[in-house]
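For reference, the structure is listed below as structure tokens.
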Number of protein chains: 2
Amino acid sequence: MALWAVVLAGGSGTRFWPLSREKRPKQMLALTGRRALVAETVERLSPLVAPDRVRISCGRPHLRALQRLLPELPAGAFIVEPAPRNTGPAAALAAAVLRREDPDATILLLPSDHHVAQPDAFRAALASAAELAARGHIATLGLRPTRPETGYGYIERGEPLDDAAGRATYRAARFVEKPPYERAVEMVAQGSYLWNAGIFAFRADALLGEMERHFPDAARAAARRVPGRAYAALQSISLDYAIAERSDKVAVVPAAFGWSDVGSFASLPEVRAGDVDGNVFEGRALLLGSRDCVVLAGDRPVAVVGATGLVVVDAGDALLVVPRERAQDVRKVSQALREMGLKKYT
Amino acid sequence: MALWAVVLAGGSGTRFWPLSREKRPKQMLALTGRRALVAETVERLSPLVAPDRVRISCGRPHLRALQRLLPELPAGAFIVEPAPRNTGPAAALAAAVLRREDPDATILLLPSDHHVAQPDAFRAALASAAELAARGHIATLGLRPTRPETGYGYIERGEPLDDAAGRATYRAARFVEKPPYERAVEMVAQGSYLWNAGIFAFRADALLGEMERHFPDAARAAARRVPGRAYAALQSISLDYAIAERSDKVAVVPAAFGWSDVGSFASLPEVRAGDVDGNVFEGRALLLGSRDCVVLAGDRPVAVVGATGLVVVDAGDALLVVPRERAQDVRKVSQALREMGLKKYT
């Protein structure tokens, strides 16, 4: 089995403003304090996937910056989307490109902006998913939920499949989009629901076959040697909506590997060590009588006095202060800046 | 009566870091959003005191900056303290200097870093104090307390004196230093206690007479043509301790004129207009879903999202974040910076 990986680095988000900007989205930030999330994602695949079998799916505006962040990858490792059309079209394009290179290609498809605390367990789960993929399934990892999170999608596991690499695996019974809180509590208590982390494994030809059934425009656009205009004309739609919720070939591999989607500044304490008062900080942060704060400073001193649960970020040319429990609202800042005529800071 | 004013601008404080620094203490900051507090203090005296009768008492390190902030005053308006020795010695020196210039000088002595919302009422109260001073009293303004403040000193009014400028005035019965909370509540309820704002009126010769009785070293040092070494050898002591609490000539003029000592960032809403959500801000402050915040930004955008009662200050080379109710603790930052080897930011 020839195992490939496609890391989806086309995303743009606004929840890490002022660190993230249009030209520097979240996956380019060293939010764990080490390398950019996208670089850690590539590192984490080794030794399961050889570096020469890793591909990065991204948009033209981010290509150069990603190449600088990933000097270990050759120029041919980057699959440039003609236009940002979400993960459905991106997966089709990557599958078409790799099938030309290797008609037997089995592909691991992964987000570029997540964190994994236990890489060995992560790779073992991917190996199980790859085994299901080799048997023709569209496999997805299902994370055991640890809280009634309303910001994630859930997958209900269905009938058992044969074990893959010594692990119990299942057909996917259904997908549930971000639920209301009460429904999330029920699903977590019920035990057969797993978090959808957007991590897939499939044979290139199997995915393209499902695309032809459920999203034929994407299959056709991806099959072109120069997909530009046909691709740009596609609907912007996630792989979950386009295929996973419709295909009868979807399997789920339950797993747990210290996963975090690093959804906002509030989640940094999940991926970085803090001090005895629960503060996570870098740079010239002065925390005086403060606890449970996230303070990202640079050379400039940032004094945080007598505060609890605050996020303070100095990005050099712009600053953010937000209570941790309101960190999701940071995405509103970009729009507000545009309305104030301050687009250059977005 | 020849009425003079001496504005005490020798203070150094650390509660407005990062705006205030060793070389730029609070009185030099435009905390009301208009001019530096010291400049507003001088402006506010007119027309009661002619500008050519205003003197600024200050230390050598602050002289040039104060001259720049007060271009309306001639070089001779600055009385330079040989060393910082608090308001007792500073008052003695100013009285000695002015008595040489005008043996009949009556002096209004004022802090340089307070705010007054009602300048007409303020000048009327000063006129009453000046009238008592002309009769030989050491007069002080007593502000009607509006809350059981534990950060101020209190003056108990004693037996009535003859009215001054149509206003009821009193002997001062005693001074109470910053009281515990329960005592403050009692004093406010009791009705005969007034806040001590450190604003005095006296004849130069009367003050120097009291100095000779209660603080003779200061009287002698101030009388020298070159007071340098003798002055530097004096105790550092406030005029309250040195004279007001000891002299039997002290009178008090009850008054109310929208006074604020602008004690910390938390008090800025007392001296600046806010928006409908109670936020006070300047510069590129983006307040999204925030209320009762004080945000002082410059050109750099400062986004404050979903916060209540926070102070955020961007001074360009350093930043502060503190909940309003902890704003007093800002004075601890300077020491922490020194301990971190970052004295240049103090």
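Computed from the coordinates by the stated procedures, all read-outs in this text should not be read as laboratory data. Being a predicted model, the structure only gives us computed values, none of them experimental. Reconstructed Cβ throughout: ideal geometry from the backbone, glycine too, with neighbour counts over all protein chains shown.
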Completion exercise
Rounded to one decimal in Å, the inverse mean reciprocal Cα-Cα distance for chain A, i.e. its Kirkwood radius, is 21.0 Å
Handout entry: Nm distances between copies for residue B:51, ranked from closest, using label points 7 Å along Cα→Cβ
Key = 7.2
Practice task
With a Förster radius of 35 Å, plug the Cβ-Cβ distance of residue B:150 and residue A:34 into 1/(1 + (r/R0)^6) and report the FRET value to the nearest 0.05.
Solution key: 0.10
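Taking N as the number of residues in segment A:91-191, what value does Rg over Cα atoms divided by 2.2 N^0.38 Å take?
1.21
Of all the stretches in chain B, which is the longest one without any exposed loop site, taking trypsin sites (Lys or Arg not before Pro) in a DSSP loop (any state but H, G, I, E, B) with at most 12 other Cβ atoms within 10 Å?
Numbers: sites that count: B:23, B:34, B:225.
Here the longest run is B:35-224.
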Handout entry: Three-way shape label, segment A:124-250, alpha-carbon gyration tensor, a/c 1.5
Key = oblate
Handout entry: Largest to smallest principal axis extent of the C-alpha atoms in the protein assembly as shown, angstrom
Key = 106, 47, 41
Problem - Innermost chain B residue relative to the axis carrying B onto A, by Cβ distance in angstrom - result: B:321, 3
Fill in the blank from the handout: For the pair residue A:173 and residue B:340, the simple spin-label estimate (label points 7 Å beyond Cα toward Cβ) gives in nm 5.3 nm
Exercise for the section: Tell me the distances, shortest first, between residue B:275 and the same position across the other copies, using label points 7 Å along Cα→Cβ, in nm to one decimal. Expected result: 3.2
Problem - In Å, descending, principal axis extents of the Cα set of segment A:260-346 - result: 41, 29, 19
Practice task
Place the label 7 angstrom along Cα→C-beta at residue A:225 and in each other copy, then list the distances from the first to the rest in nm, shortest first.
Solution key: 10.2
Problem - Loop sites in segment A:1-88: GluC sites (Glu not before Pro), DSSP, at most 16 other Cβ within 10 Å - result: A:22, A:72
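First obtain the Kirkwood hydrodynamic radius of segment A:1-137 from its Cα pairs, then insert it into the Stokes-Einstein equation at 10 °C and 1.306 mPa s, and state the resulting D in µm² per second as a whole number.
104 µm²/s
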Practice task
At most 14 other Cβ atoms within 10 Å and a DSSP loop assignment: could you name the GluC sites (Glu not before Pro) in segment A:164-242 that fit?
Solution key: A:177
Exercise for the section: Could you sort out which of A:23/A:332; B:23/B:178; A:178/A:344; A:178/A:332; B:178/B:332 sit more than 22 Å apart by Cα distance in this structure? Expected result: B:23/B:178; A:178/A:344
Fill in the blank from the handout: Within the protein assembly as shown, the percent of DSSP beta bridges that are antiparallel, given to the nearest 5, stands at 45 percent
Practice task
Just the number, please: percent antiparallel of the DSSP beta bridges in chain B, rounded to the nearest 5.
Solution key: 50 percent
Exercise for the section: For peptide A:319-329, compute the average count of partner chain beta-carbon atoms within 10 Å of each residue's beta-carbon. Expected result: 6
Problem - Fraction of beta bridges assigned by DSSP in segment B:216-346 that are antiparallel (%, nearest 5) - result: 30 percent
Completion exercise
Taking every residue of B:295-301, the Cβ atoms of other protein chains inside 10 Å of its Cβ average out to 4
Problem - Ratio of the Cα radius of gyration of segment B:112-151 to 2.2 N^0.38 Å, where N counts its residues - result: 1.38
Exercise for the section: For residue A:343, list the aspartates and glutamates whose Cα falls under 20 Å from its own Cα; do not include residues on the same chain fewer than 8 positions away. Expected result: A:22, A:314, A:317, A:329, B:282, B:299
Exercise for the section: Let me know the Rg and Dmax you get for segment A:186-309 when you use only its Cα atoms, in Å. Expected result: 22.6, 61
